[in-house]
1. Return the residues of the stretch B:70-89 that are within 20 Å of B:R38 (Cα to Cα) and in contact (Cβ under 8 Å) with a residue 12 or more places away in the chain; say none if nothing qualifies.
2. Can you find, within the stretch B:47-64, the residue that is modelled with the lowest pLDDT among those that are of a type in the set (A, V, I, L, M) and surrounded by 19 or more Cβ atoms within 10 Å (Cβ to Cβ)?
3. Inside the stretch A:124-207, counting only strands (runs of 3 or more DSSP E) that do not spill past its ends, which hold 2 or more residues that are on the phi < 0 side of the Ramachandran plot and modelled with pLDDT of 80 or more?
4. Return the pairs, sorted by first residue and then second, in which the second residue is of a type in the set (A, V, I, L, M) and part of a loop (DSSP other than H, G, I, E, B), the first residue lies in the stretch B:149-169 and is more than 7 Å from chain A (Cβ to nearest Cβ) and in contact (Cβ under 8 Å) with a residue 60 or more places away in the chain, the beta carbons are less than 6 Å apart, and the residues are 6+ apart or on different chains.
5. Identify all residues within the stretch A:32-52 that are more than 35 Å from the chain's Cα centre (by Cα) and in a helix (DSSP H, G or I); write none if there are none.
6. Of everything in the stretch A:8-31, what is of a type in the set (S, T, N, Q) and within 16 Å of B:A188 (Cβ to Cβ)? Give them in sequence order.
7. From (1) more than 21 Å from the chain's Cα centre (by Cα); (2) modelled with pLDDT under 80; (3) surrounded by 15 or more Cβ atoms within 10 Å (Cβ to Cβ), pick out the condition that doesn't hold for B:A104.
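The values are calculated or read from the model by the stated rules, or taken from the named source; none is laboratory data. What you see is a predicted model, and the numbers here were worked out from it, not measured in a lab. Every residue, glycine as well, gets a Cβ built from its backbone with ideal geometry; the counts of neighbours run over all protein chains shown.
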Amino acid sequence: MAEERDDLEGLELPQAPDPAASRAYREAARVLRGAAPAARRWCPPRGELVLAAAELGRERAGRRDAHVAACPLCRDDLRDLGALEAEPSPSLVARLRATLRLVVDEAARAVRVIDASLPGAPAPALAPVRGAGADPLAVVAAPFGDGSLEVAWVAAGRGADLRTRATGGAPTEYRVDLGPAPPDPDAPDAEPEVWESRASDPAGAVALAGLEPGRYRLAVYAPSQREPALEVVVDLARVDAKSM
Amino acid sequence: MTVPEGNDDALAALVGRARERDPAAEAELHDRLRPFVRRRLEEARARRNWFWLTDLEEATQDVLTSFFAALREGKFAYEGDQRLRGFLVRTAWFTAMNAKDRAARERAVSLFDEEEGGLRFDVAAFAAAAPDDLARRECLELLARAITSLNENRREVVERTLLGQKVRDIVGETGRTSASVSGLKFNALVDLRRRLDEEGFMDECGELFGLAGEAASRG
């Protein structure tokens, strides 16, 4: 049998074992395969795992519970069920993808939005902030959780500083990854490169300073999410007095 | 017509029409339920790292197919939105577990329990909790006794093998060399085979494990 040949082939032994020992090995291996939890021969039907004790009968429920306590695979299955039963995180837009073109006007010390694509989001708003030492900034917002994530750009020298802020009912706990934009925005990398990864502060804000002109991928992850809730391909250009 | 959220009577009526195979009702109910199912699968997949659930859309469709089949066969009766969601979650679980089973052949079970910490497999407890068939439970208990009578190193490698770990997995988790694990495993299983004879396992249980006749009597 193929499995029996494989049993010994996977071993790195200094010399070929004698036939009797080989046979003993194979027979023990066969017993272990048959007894293995992964064979699920000893597990109750899955439907039984989730029945209430009253439905199953006390004795059978007791045996079922004892088995679950001893069987790593059945416990794994029940944890999977728990994950399905858990209420999802505040409703997130799964993998909302957007593009954003910005230009930094170095002379005016301002950032302007040239083009933005945020399906379902409010129209991009330029929200100049007047205050001591504050520079004009460009703000876009995207749905995030039960609120919005504001993404603000502030002119800083030749480039811009990036600030994100959770507003409304958006989760204040999230992570921002910044890296190079994928070559083809319609075919993003399976494992995109990340240059900077920042967790939000208690107030739900992230700051990334000194972004030079270039193309970036900005990804925002909510807690327990392995896929980003928001991805933005940012094209940050620079306009100086000479080019104008 | 779209059933407003929270309108229980309207939803009950919609489910009723879908059960009678009204195409428009089926389509509407399908569209109504799909986001919920997909969301639950998506979240659970992320929380539990269901790397084996590679096609979320297909899994979502499988769940809904099972739901509609159950509806038509009278295995589900509408008793409120809460119960409907609960039934969908259970159905999603069965669908996901089927996908996990298909991928199981490629995976070994880790001995380390991320949530509980530490080694999590007790072969004696596993044997004692085997299902109702007394003969099968006794066989597992005989095996467990033989395993626990091994020395510590041999017992560990046998338990890891029992959980599906290959030599390379054991090497990775224990830090031993491949030659060391190979030798340990070989000697452990030969030793185990001898102890199974001593426990009377081969006579009582050989047939159950495909070792009847010649192998069982050889000892």
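1. B:A70, B:L71, B:D81, B:L84, B:R85, B:F87, B:L88, B:V89
2. Among residues in the stretch B:47-64 that are of a type in the set (A, V, I, L, M) and surrounded by 19 or more Cβ atoms within 10 Å (Cβ to Cβ), the one modelled with the lowest pLDDT is B:L53.
3. Numbers: elements: A:137-144, A:146-156, A:159-169, A:175-180, A:196-199.
In the stretch A:124-207, A:146-156, A:159-169, A:175-180, A:196-199 are the strands (runs of 3 or more DSSP E) which contain 2 or more residues that are on the phi < 0 side of the Ramachandran plot and modelled with pLDDT of 80 or more.
4. Final answer for the pair search is B:D169/B:A108.
5. First, the residues of the stretch A:32-52 that are more than 35 Å from the chain's Cα centre (by Cα): A:32-35, A:41-42.
Selection gives A:L32, A:R33, A:G34, A:A35.
6. Our first condition is that a residue be of a type in the set (S, T, N, Q); within the stretch A:8-31, this holds for A:15, A:22.
Matches in the stretch A:8-31: A:S22 only.
7. It is condition (1) that B:A104 fails.
Condition check ((1) of a type in the set (K, R); (2) on the phi > 0 side of the Ramachandran plot; (3) touching a strand residue (DSSP E or B) at 6+ places or on another chain (Cβ under 7 Å); (4) surrounded by 15 or more Cβ atoms within 10 Å (Cβ to Cβ)) across all residues:
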position: B:R136; (1), (2), (3), (4): yes, no, no, yes
position: B:A146; (1), (2), (3), (4): no, no, no, yes
position: B:V157; (1), (2), (3), (4): no, no, no, yes
position: B:V167; (1), (2), (3), (4): no, no, no, yes
position: B:G172; (1), (2), (3), (4): no, no, no, no
position: B:V181; (1), (2), (3), (4): no, no, no, yes
position: B:K185; (1), (2), (3), (4): yes, no, no, yes
